[in-house]
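Read through the structure below, which is laid out as structure tokens, and then see the notes.
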Amino acid sequence: MKKKINTVVVSVMMCLSMVSCGENKTEKTYFTNWNECTSLTTLKEFVADVTDEKSKNFIPVEDRIATFDMDGTFVGELMPSYFEYNILEYRVLEDPTYKDIAPDDVKETAQNIRDFVREGTALPRYNDEYGFDLKHAYAAAKAYSGMTLEEFDTYVKDYGEKPANGFTNLKCGHAFYKPMLDVFEYLNDNQFTNYVVSGSDRFICRALVDAIDFDPAHVIGMDVVLESDNQGETDGVNYTYTKNDTLKRTDELIIKNLKTNKVKQIAQEIGKTPVLSFGNSGGDSAMHNYCLQNEKYKSAAFMLVADDDERDHAKKRGEDDAAFQARIAKLNSDWTNNQYNVISMKNDFATIYGKDVQKVDFTF
């Protein structure tokens, strides 16, 4: 009898051991699209520190706010230009449902984009005070005016199914940097709340990130005034939305969400200062500085540098190798001096869009 009991005990212990080993083998693996690098180590050490309840730098779950720029930070921005530039060019110059009725100033802006990406012609300023970003914003507001939110969402997603110019096996609406999707997953699992804070149209951003199941409530971007299709000239303060109403876009721009406007929108919409910030250009410096200004918690900012011209379109038109390397060196120096952690796409990313995606020449 004693031998039988011992046999049972041994069997149970072996089963428990096997279960334990099985759990270890299936433990979640993060950052499979990264190489080992300083930027990744810094991020992991930061997260380990601020999520450790015993650490003096512990951050409660409700205050673990991370903000991400979109274009060039986790979405490719050279196919051959920003997604929102590409879709406006298509809408105004090619879409048979709109090109013949587009206003002259909108046509001019779309042609500016076409001349820029095809000929390298410099983008004109909006006026003496503002650059092309605002010129584009006003044109885009007009180009999609009258569309319901559902119609616009469908329009963006349909355009996003087109092949990405300059790449094989990639659609322009699915051009996500796989390593940065790893970051989203890692932060989500460590109970951070991620926000997209982009200069692009809020509803363009929402349409794109729907493919990665990103919460649309956590998307901040350029905004236009919305109105009910039945309110006419009545102000929204005096009009009551009915069960038969639908929201639609207007041509009235509210905000172009760039630079300090990003900081304002974070303060207004999130109501908390981020502890992590990710971007790729000087347009994100304000957001980074706001994050690093956090007086309550430890914080960190990361800046991607597009230094990989083998797997992505990193060089500017007409830029030779020497000029390219000099520009990259200056970016690395500038971002480091600003106390941002630099992410090198060339050295830190094991892949960018996936191993089956290849860079090719642009076609026009």
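Structural remarks
- Extension gain, K330-T363: 0.36 nm per intervening residue step, less the Cα-Cα distance, totals 8.8 nm.
- Evaluated over the stretch 125-270, the Cα radius of gyration and Dmax, each in Å: 17.2, 52
- Cα centroid of the stretch 131-176 to Cα centroid of the stretch 303-317, whole Å: 22 Å
- Other-chain or far-sequence residues with amide H under 5 Å of K171's (modelled H): A164
- Calculated from backbone phi, Karplus (6.51, -1.76, 1.60) coupling profile of the stretch 182-198 in Hz, x at Gly/Pro: 4, 5, 3, 4, 4, 5, 4, 5, 9, 6, 8, 9, 9, 10, 8, 10, 10
- Burial ranking of peptide ranges 83-89, 287-293, 233-239 (average Cβ count within 10 Å, highest at the top): 83-89, 287-293, 233-239
- When you restrict to C-alpha pairs under 8 Å that are six or more residues apart and normalise by the size of the chain, the relative contact order lands at 22 percent.
- Each part reduced to its alpha carbon centroid, the stretch 42-82 and the stretch 204-239 end up 26 Å apart.
- Shown in residue order for the stretch 133-149 are the 3J(HN,Hα) couplings computed by the Karplus curve 6.51 cos²θ - 1.76 cosθ + 1.60 at θ = phi - 60°: 3, 6, 4, 5, 4, 5, 5, 5, 4, 6, 5, 10, 4, x, 6, 6, 4 Hz (x for Gly and Pro).
- Counting beta carbons within 10 Å around each of L123, L181, L304, L78 and listing the fewest first gives the order L181, L123, L78, L304.
- The alpha-carbon positions of the chain define a convex hull whose volume is 217 Å³ per residue.
- Here's how it looks for N35: its modeled amide H is under 5 Å from those of F349, A350, which are all 5 or more places away or on a different chain.
- Subset of K157/K243; K171/K298; K28/K56; K99/K330; K259/K355 violating a 30 Å alpha-carbon distance limit: K171/K298; K99/K330; K259/K355
- Extension gain, Q268 back to S55 (0.36 nm per residue minus Cα-Cα distance, nm): 73.7 nm
Quick note: the coordinates plus some simple rules give every number you see, no bench work behind them. Because the structure is a prediction, the values reported are computed rather than measured. Virtual Cβ from ideal backbone geometry, glycine too; neighbours counted across all protein chains shown.
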